[in-house]
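K.L.:
Starting off with a structure, shown below.
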Amino acid sequence: MKKLEAVFIDRDGTIGGGDTVHYPGEFELFSYTATEINRLKNDGIRIFSFTNQPGISRGLAKEKDFEEELLAFGFDGVYLCPHDHNVGCSCRKPNTGMLTKAQKDNELHLENCVVIGDRWSDMVAASRVGSIKILVRTGAGESTLSEHSDKLQDIKIDYISNNLLDAIDWLYEEDLIRSNT
């Protein structure tokens with residue numbers, strides 16, 4: 001792999017919240033998330049959120065509220081699927097639409113990017129575009145490993161981490177990111 005270009009991070013269960021959706025205004029980051037986002041940014045890594053939020057299509061939340069919240073958390077960009085589970089869109093994970101849109105928007109090489117998430121759908125989307133895959137055990141991570149292992153059988157997850165902090169530490173330990181400090 002050449003120089004790491006970007007990190008895509010799922011929202012619910014990965015940066016905060018739990019294994020269900022917490023809408024903007026109710027959502028709380030894990031205690032280490034803001035520090036880790038800043039750590040990546042300080043070392044020149046672009047950070048993008050990519051998240052399925054079907055509550056938008058059901059009128060339970062507004063896309064603008066998610067975007068404002070995630071940008072305020074420090075993300076460089078937000079890629080969001082507002083569609084319901086059975087719409088059949090190309091953006092809903094495990095489809096790759098959000099990743100390929102980010103690739104075009106930001107001139108990325110997805111094989112030089114990392115995806116961090118807590119669900120099998122994050123890992124499948126990352127695998128389909130050749131990105132590095134890190135599954136966190138927070139949120140739905142444990143149930144992904146125990147109840148959805150069939151969906152991951154043909155996917156090599158690069159690292160299974162305890163949480164986002166552990167995932168980012170691993171990127172530094174593997175020399176995928178070099179610290180500017």
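K.L.:
Restricting attention to segment 157-181, which residues are among the charged types (D, E, K, R) and either open to solvent by less than 60 Å² (accessible area, probe 1.4 Å) or more than 27 Å from Asp43 (Cα to Cα) (or both)?
P.N.:
So the first thing to find is which residues in segment 157-181 are among the charged types (D, E, K, R), and the list is 158, 166, 169, 173-175, 178.
Of everything in segment 157-181, those that are among the charged types (D, E, K, R) and either open to solvent by less than 60 Å² (accessible area, probe 1.4 Å) or more than 27 Å from Asp43 (Cα to Cα) (or both) turn out to be Asp158, Asp166, Asp169.
K.L.:
So in segment 57-93, with the set limited to residues that are among the hydroxyl-bearing types (Ser, Thr, Tyr) and modelled with pLDDT of 95 or more, which one is farthest from the chain's Cα centre (by Cα)?
P.N.:
Restricting attention to segment 57-93, the residues satisfying the condition of being among the hydroxyl-bearing types (Ser, Thr, Tyr) are 57, 79, 90.
Filter again for modelled with pLDDT of 95 or more, leaving 79, 90.
Numbers: Tyr79: 10, Ser90: 17 Å.
Of everything passing the filter in segment 57-93, Ser90 is farthest from the chain's Cα centre (by Cα).
K.L.:
Tally up the residues in segment 101-118 that are within 14 Å of the chain's Cα centre (by Cα) and either open to solvent by 40 Å² or more (accessible area, probe 1.4 Å) or touching a residue at least 60 places away in the same chain (Cβ under 8 Å) (or both), please. Outline the logic, then answer.
P.N.:
Pass one, segment 101-118, residues within 14 Å of the chain's Cα centre (by Cα): 102, 110, 113-118.
Next, only the ones that are either open to solvent by 40 Å² or more (accessible area, probe 1.4 Å) or touching a residue at least 60 places away in the same chain (Cβ under 8 Å) (or both) stay: 102, 113-118.
Of the residues in that region, 7 qualify.
K.L.:
Scan segment 22-51 residue by residue and report those that are open to solvent by 30 Å² or more (accessible area, probe 1.4 Å) and part of a strand (DSSP E or B). Give the derivation first.
P.N.:
To start, the set of residues in segment 22-51 that are open to solvent by 30 Å² or more (accessible area, probe 1.4 Å) comprises 22-26, 28-32, 34-35, 38-39, 41-42, 44, 46.
Within segment 22-51, Leu29, Arg46 qualify.
The values are calculated or read from the model by the stated rules, or taken from the named source; none is laboratory data. Because the structure is a prediction, the values reported are computed rather than measured. No Cβ is skipped: glycine too gets one built from the backbone with ideal geometry, and neighbour counts run over all protein chains shown. All accessible areas refer to the heavy atoms of the entire protein, side chains included, with ligands and DNA or RNA removed. Shrake-Rupley method; radii C 1.70, N 1.55, O 1.52, S 1.80 Å.
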